[in-house]
Every structure is written in C-alpha cells, then in structure tokens.
Amino acid sequence: MSSDTTAPPVPARPRSAKATKTRATLANSPRLPGRPAVGTKRGKLIAIASGKGGVGKTFFSITLSQALTLRKQKTLLFDGDLGLANIDIQLGLMPQYDLGSVITGKLSLNQAAMKYSTGGFDVIAGRSGSG
C-alpha cells in the first residue's frame with residue numbers, strides 16, 4: 001500500500017460551444033466609456049430576483065436605490081425584466097430608450113441610462129412587452 005495521498009487530477013469539464021463563444025465575445029468587446037480597467041476598484045452589484053410576480057421586487061429595488069443614493073452612493077437601477085418591466089412606470093418616467101436598444105446593439109448602457117432626478121439615481125428601463 002502506498003503512502004502517497006495525492007489525489008489524481010480532475011479532468012477539465014468540456015466547454016459548450018455557446019459558452020466558449022460567449023466568453024470570446026466578452027473578452028473581445030470594447031470597454032464601456034467610464035468603466036474601470038480590469039484590476040481597478042469597481043462598484044458593487046446587487047441583484048433582486050424572484051421567479052414569482054407580485055412579491056415586491058420593483059418596490060424593493062426602487063426603495064433600495066433611493067436609500068443608497070441618500071447614503072451618497074452612485075446608483076443605477078437596471079430593470080432586467082424583458083417581458084414585464086415596470087420600473088419606468090412606477091417612477092412615472094417616459095424613457096426614450098430601453099434595455100432592448102442595448103441588447104440589439106443600437107446603444108451602449110451609458111447611452112440608454114436616464115437620470116431619475118427626483119430620486120437622484122440613474123435608470124435603465126426594461127423592455128416591457130417584448131415577450
């Protein structure tokens with residue numbers, strides 16, 4: 001019996017073609033204006049999600065954005081719901097652009113963002129009704 005307790009190497013998992021293509025696209029995409037270079041301090045990301053509607057995601061997200069703004073945190077409220085987005089409706093905004101413009105490549109995230117001056121934070125509206 002050997003006293004060697006070294007475990008055999010774990011074989012690498014095969015990567016799907018879609019995952020490989022996505023990684024290559026992200027690696028080769030241009031940096032967004034104002035986005036820090038890799039290795040520099042970045043902002044924090046807080047995601048609010050649920051598989052069920054009507055549980056308060058929108059209300060909580062708006063309230064959290066306002067609270068962070070009051071604490072002098074630069075805040076962007078990003079509505080990632082592609083079918084039933086309603087952040088803009090809840091805030092009484094009439095966005096000229098939405099997340100769909102970013103996804104289709106017509107605009108950058110910076111261009112799609114709008115200022116919600118009442119709350120003091122920025123908003124990127126989701127694409128409501130796109131199914």
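A few remarks follow.
- Scan of region 86-121 for residues that are in a loop (DSSP other than H, G, I, E, B) and touching a residue at least 40 places away in the same chain (Cβ under 8 Å), ordered by number: N86, S108, G119, G120
- Residues satisfying the stated conditions in region 112-131, i.e. exposed (fewer than 15 other Cβ atoms within 10 Å of the Cβ) and either of a type in the set (S, T, N, Q) or more than 13 Å from F78 (Cα to Cα) (or both): S117, T118, G129, S130, G131
- Here A17 passes the criteria (1) at pLDDT 80 or above; (2) aliphatic (A, V, I, L, M); (3) surrounded by 10 or more Cβ atoms within 10 Å (Cβ to Cβ); (4) farther than 30 Å from S117 by Cβ except the one numbered (3).
One line per residue, one yes/no per condition, for (1) under 24 Å from A67 (Cα atoms); (2) of a type in the set (A, V, I, L, M):
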position	(1), (2)
D88	yes, no
G92	yes, no
Y97	no, no
V102	no, yes
K106	no, no
Q111	no, no
G119	yes, no
D122	yes, no
A125	yes, yes
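- Residue list for region 60-76, restricted to those being exposed (fewer than 11 other Cβ atoms within 10 Å of the Cβ) and within 18 Å of the chain's Cα centre (by Cα): K74
- Condition check for Q96: more than 17 Å from the chain's Cα centre (by Cα) and at pLDDT 95 or above: no
- Matching option when the condition is modelled with pLDDT under 95, out of contact with any Cys (no Cβ under 8 Å at 6 or more places or on another chain) and within 19 Å of R127 (Cβ to Cβ), among A12, A47, A24: A47
- Of all residues in region 67-83, those satisfying the criterion of being closer than 11 Å to I124 by Cβ and not charged (D, E, K, R) are L76, L77, F78, G80.
- Test result for G83, part of a helix (DSSP H, G or I), in contact with a Ser or Thr (Cβ under 7 Å, 6 or more places away or on another chain) and at negative phi: no
- Residues of region 77-107 classified as of a type outside the set (V, I, T) and surrounded by 15 or more Cβ atoms within 10 Å (Cβ to Cβ), total: 16
The values are calculated or read from the model by the stated rules, or taken from the named source; none is laboratory data. Just so we're clear, the structure is a prediction, and the values are computed from it rather than from any experiment. FYI the Cβ positions are ideal-geometry reconstructions off the backbone, even for glycines, and counts take in every protein chain you see.
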